Structures are given as structure tokens and as C-alpha cells.
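Single-structure report; data block below.
The values are calculated or read from the model by the stated rules, or taken from the named source; none is laboratory data. Since the model is a prediction, treat every value here as computed from it, not as a measurement. Glycine gets a Cβ as well: all are built from the backbone with ideal geometry, and neighbour counts include every protein chain shown. Protein only, heavy atoms only, side chains kept; ligands, DNA and RNA dropped before computing areas. Shrake-Rupley method; radii C 1.70, N 1.55, O 1.52, S 1.80 Å.
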Amino acid sequence: LTAELALKVGDNITTDHIMPAGSKILPFRSNIPYLSKFCFAVCDESFSERAKKIRESGKYSIVVGGSNYGQGSSREHAALVPLYLGVRAVIVKSFARIHRDNLVNAGILPLTFENAEDYDLISEGDVLSLDGLDGGLERGRVMLSNETNGKKIPLVAALSARQIAVLRAGGLLKYSAK
């Protein structure tokens with residue numbers, strides 16, 4: 001998987017940062033394209049348009065975050081909307097458990113830095129490659145190659161066999177259909 005780093009955020013990103021809620025948005029909860037306008041808008045108002053342009057060019061996006069990424073409510077839209085925008089992997093220092101599971105169920109690969117300080121080796125706009133996904137998921141370790149600056153970064157893929165199968169199927173719905 002080769003993708004552009006579309007967004008880099010810090011620590012304690014909540015599901016409200018990823019996909020805000022509230023009376024303005026609630027009536028549109030089944031309209032993922034409409035909701036995508038608000039994705040990460042609290043952190044970066046240009047994220048949605050940038051991610052759409054990457055997706056429309058036939059490429060994918062990656063989001064990088066700090067510690068406790070996805071804390072807060074168990075809002076599934078915080079995984080579904082980034083998926084719609086072309087996000088295929090989220091790489092962080094640590095996940096909030098429920099959000100990590102929601103990413104897997106949506107078909108987005110959740111990875112953590114083996115060394116938290118490697119977060120600093122990546123910048124927004126970098127082209128990133130996840131090498132050795134096939135065997136790496138089973139071994140629990142994947143290598144990230146930053147094609148922009150040449151750095152190699154080890155990542156942890158702490159996934160169960162079932163989660164790996166769900167990701168390979170493209171998400172829980174596709175897995176269940178099989």
C-alpha cells in the first residue's frame with residue numbers, strides 16, 4: 001500500500017475531532033458524502049478537500065496521529081467517513097480501543113509506531129509505503145517506508161486472526177457476506 005499522508009494530528013484526538021456530531025449534522029447521518037465535508041474540520045478545514053483530490057486521482061490517504069487517537073464516543077462515522085475519503089491506514093502512537101475496532105470493521109488498517117519518537121520522521125504530504133503487509137500482519141510487524149525522506153519506520157500490527165481476515169475482506173460487511 002502506497003499512499004499520501006493527508007493529515008498529521010497530535011495527541012488525544014477524539015471522535016468529535018474526526019467526525020463532529022450535533023444538531024447540524026445529525027439529520028445527515030446516513031449521507032456519508034455530505035458528512036465528509038466535516039471530517040477533521042476541527043483540526044484542518046482543508047482535509048476533506050485534500051483527501052477527496054487524492055482519492056479522485058486514484059490514490060489513497062494515510063492519517064498519522066499521536067497518543068490516545070479516537071478517544072470518546074464509539075461513533076462509527078469516525079471510521080466510515082475517512083474510509084469514504086480514501087483513508088486506508090491510520091498510524092498512531094496509541095489508539096482508543098473502541099475506535100481501533102471501528103477502523104478494522106470499516107476496513108481501515110490501524111497501526112502503531114513501534115517507537116513513538118518515529119512520529120517525528122513523517123510530515124504531511126509525504127508519500128508512504130507499507131511494505132510486507134501480507135506476512136507482516138500475521139507477524140504483528142509492518143515496515144513503513146517514507147518515500148519522501150527515505151526513512152524506514154517499524155510499525156506494530158496488533159491484530160487478531162479474525163481482524164486480519166476482516167481487513168483483507170475490505171471490512172466487516174464484506175467479511176460477513178463471505
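If the condition is being over 27 Å from GLU76 (Cα atoms) and surrounded by fewer than 18 Cβ atoms within 10 Å (Cβ to Cβ), then the stretch 104-122 contributes ASN115, GLU117, ASP120, LEU121. So in the stretch 56-67, with the set limited to residues that are of a type outside the set (Ser, Thr, Tyr) and farther than 23 Å from ILE13 by Cα, which one is surrounded by the fewest Cβ atoms within 10 Å (Cβ to Cβ)? Filtering first and then ranking leaves GLY58.
Annotation: TYR34 fulfils all but one of (1) in a helix (DSSP H, G or I); (2) open to solvent by 10 Å² or more (accessible area, probe 1.4 Å); (3) modelled with pLDDT of 95 or more; the unmet one is (3).
If you go through the stretch 82-103 and keep only what is part of a loop (DSSP other than H, G, I, E, B) and open to solvent by 40 Å² or more (accessible area, probe 1.4 Å), you end up with LYS93, SER94. For the stretch 23-30, does any single residue satisfy the condition of being among the aliphatic types (A, V, I, L, M), assigned to a loop (DSSP other than H, G, I, E, B) and open to solvent by 50 Å² or more (accessible area, probe 1.4 Å)? Scanning the stretch 23-30, I find no residue that is among the aliphatic types (A, V, I, L, M), assigned to a loop (DSSP other than H, G, I, E, B) and open to solvent by 50 Å² or more (accessible area, probe 1.4 Å), so the answer is no.
Of the candidates ALA3, ALA79, the single residue that is part of a strand (DSSP E or B), modelled with pLDDT of 95 or more and open to solvent by less than 60 Å² (accessible area, probe 1.4 Å) is ALA3. Applying the set (1) within 21 Å of TYR119 (Cβ to Cβ); (2) open to solvent by less than 30 Å² (accessible area, probe 1.4 Å); (3) assigned to a helix (DSSP H, G or I) to ARG50 leaves exactly one unmet item: (2). Scanning the stretch 126-178 for residues that are in contact (Cβ under 8 Å) with a residue 60 or more places away in the chain and either of a type in the set (Asp, Glu) or loosely packed, with under 12 Cβ neighbours inside 10 Å (or both) gives ASP126, GLU147.
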